[in-house]
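> My questions will all concern the structure given below.
The values are calculated or read from the model by the stated rules, or taken from the named source; none is laboratory data. Since the structure is predicted, the reported quantities are computational estimates derived from the model, not experimental observations. Every residue, glycine among them, receives a Cβ derived from its backbone with ideal geometry; neighbour counts consider all protein chains shown. When the accessible area is computed, the model is the full protein with side chains, heavy atoms only, and any ligands, DNA or RNA have been set aside. Shrake-Rupley method; radii C 1.70, N 1.55, O 1.52, S 1.80 Å.
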Amino acid sequence: QVQLVESGGGLVQPGGSLRLSCAASGIIFRTSVMGWYRQAPGKQRELVATITSGSITNYADSVKGRFTISRDNAKNTVYLQMNNLKPEDTAVYYCWSRNRGLYDYWGQGTQVTVSS
């Protein structure tokens, strides 16, 4: 059974930091593209960041310079380090994976709230 389990979300003040984790099971992690999406109330789900099996990264313009995606193949885990958080970063963040372009898998989501 495929599982993507996010953790690390919470409430933080503007300018603060959070680190999200996504633990994967039931997939061939080392050959999978991994990523993070987010969805705010009333808005469409949007790409935040992706990382390939070779650790090539891609970021949404809105988070470049503030967020960093990384992966640990030994732990089957992908991370999203979020610095200098802004209120507009408030959303449910979803872990995503794709192996060989065949199937997409999604986590259940974790809430990130940026507010003073």
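> Kindly report the accessible area of the chain per residue (heavy atoms of protein chains, probe 1.4 Å, no ligands, DNA or RNA), in Å².
Accessible surface, normalised per residue, equals 54 Å².
> Roughly speaking, to the nearest percent, how much of segment 3-103's 1.4 Å accessible area is carbon and sulfur?
Exposed carbon and sulfur together represent 47 percent of the surface.
> How would you rank 85-96, 52-63, highest first, on the average number of other Cβ atoms within 10 Å across their residues?
Result, highest mean first: 85-96, 52-63.
> Considering only the chain, what is the antiparallel percent among its DSSP beta bridges, to the nearest 5?
95
> So how compact is segment 24-116: Cα radius of gyration and Dmax in angstrom?
Computed over the Cα atoms of segment 24-116, radius of gyration and Dmax are 13.2, 42 Å.
> Could the peptides 11-22, 29-40 be put in order, highest first, of the mean number of other beta-carbon atoms found within 10 Å of their residues?
29-40, 11-22
> Using the Cα centre as the reference, give the magnitude of the dipole from point charges on the C-beta atoms of segment 1-95 (Lys, Arg: +1; Asp, Glu: -1; all else neutral), rounded to the nearest 20 debye.
100
> Grab every C-alpha pair in segment 31-73, bin the distances at 5 angstrom width from 0 up to the longest one, and report whole percents.
Per 5 Å bin, starting at 0, the Cα pair percentages come out as 5, 23, 28, 21, 14, 6, 2.
> Obtain the nm distance between the two label points defined at residue 104 and residue 62 by a simple spin-label model: each point lies 7 Å from its Cα along the Cα-to-C-beta direction.
Result for the modelled spin labels: 1.7 nm.
> With an 8 Å cut-off on Cα pairs and a minimum separation of 6 or more residues, tell me the relative contact order of the chain in percent.
It comes to 36 percent, rounded to a whole number.
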